[in-house]
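Notes for the one structure printed next.
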Amino acid sequence: MFVTAAHAQPAPTAETHSETGAAHGGEAPHFPPFNPELFASQILWLAITFAFFYMFMQKAVVPRISGILENRRNRIARDLDEAGRLKNEADAAIAAYEQELAEARNKASSIAAQAHDKAKAEADAERAEVEAELAKKTDEAEKNIDAIKARALGEIGTIAEETASAIVERLIGTPVTRAEVASAITAAGAK
C-alpha cells in the first residue's frame, strides 16, 4: 500500500479530545475510504485486486465449475440412456409376459376342452354300458314275467278246477269229478 501524506497522521496534541481523537472546535477528520485525497490509491488497489480475483476465477474456479457441470451433464445423459434402456427391457419383459400369459390361457382352455370332451365321452360310454345292462336285465325280467305268466295261466285251469270243485262240494255236499269241473270251466271260458 502506498503511504501518502494524507495517511500520515500527526500525534494528537493536547487540544484533541482523548476519546474521539478530534480537536476541540476543529474540523473532524474524514473516514479514510471517503477521503478524496485517497481515491487514486484506492482505485489502483481495486484494479489490482479485481485483476487478481478475475485471473484466480478464470484459472482455478471456472474450470473446476465447468468440469463439475460437464461431469453432471454426462452422468445425467448416461443415467437417462440407462433409464431408457431399462424401460425398453421392461417393456420387452412385459410384452413377453403378456405373450406367455396368453399362450398359457389358450393352453389351459384347450386342456379344459379336452378334459371336458374326455369326461363327456367317458360318461356317454358308461351311460351306454349301464343302459345296455339295464336293457339286458329288463329283457330277462320280461322273460321271467312271461314265463311266470305262462305258468300261472297254465295253472289257472288247475286252480280253477280245484277251487270250483271245493265250492261245489261245499254247496252241494257231494264231491264232483275233475272231468265235470273241467268241462264246466271250458264252457264258461268260451262264453
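The values are calculated or read from the model by the stated rules, or taken from the named source; none is laboratory data. Because the structure is predicted, anything quoted here is derived from the model rather than measured. Please note: Cβ atoms are built from the backbone with ideal geometry, for glycine as well, and neighbour counts cover all protein chains shown.
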Quiz item: Among all residue pairs at least 6 apart or on different chains, which show Cβ distances below 7 Å where the first residue, located in region 164-191, is under 19 Å from Gly154 (Cβ atoms) and the second is part of a loop (DSSP other than H, G, I, E, B)?
Solution: Ser165/Val176
Quiz item: Where residues in region 116-173 are among the polar types (S, T, N, Q) and more than 60 Å from the chain's Cα centre (by Cα), which of them is modelled with the lowest pLDDT?
Solution: Thr158
